[in-house]
Amino acid sequence: MITRRGFLRVVGSSAFTLASLGAYAVGIEPMLLTHVKRYTLTPPHWPAGLKLRVVALADIHACRPWMTPERIAALAAEANALQPDLIVLLGDYTAGTKIVTGRVRVTEWARPCRG
């Protein structure tokens, strides 16, 4: 049999855990998005000496306050600074969550990506 104190402890710790995970997902994780991961691949039958540098941008989720047009422009500039032969955009362009302070229209985030 669980005591009232034990029940309140479980409920309180569960609420704290949910609040902590929510704070991380909304306040911390979106700011950790800018990292470069490098891979070296050699596909079968690829011509020797032929190099192709590809930059993949994925899961932009354009919305305010986390992924503003200015931040997307900075990501595009960082991608261009890598001097790729090809840049691919892999989807999830707009935010699907309702916890945003403002939507970012496609014309706002596409403009910095076109260069």
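Each value in this text was obtained by applying a stated rule to the coordinates, not by laboratory testing. Quantities reported herein were computed from a predicted structural model and do not represent experimental measurements.
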Query raised in the report: So for the chain: antiparallel DSSP bridges make up what percent, rounded to the nearest 5?
Result: 40
Requested in this report: Given the options Pro84, Pro47, Pro65, state which has the largest fluctuation in a GNM of the chain using a 10 Å cut-off (strictly under) for Cα springs.
Outcome: Pro47
Report summary line: Long-range share for the range 34-113, i.e. C-alpha pairs more than 17 Å apart as a percent of all pairs, stands at 52
Query raised in the report: Taking the chain as a Gaussian network, Cα atoms linked when under 10 Å apart, which of Gly102, Gly27, Gly49 shows the biggest mean-square fluctuation?
Result: Gly49
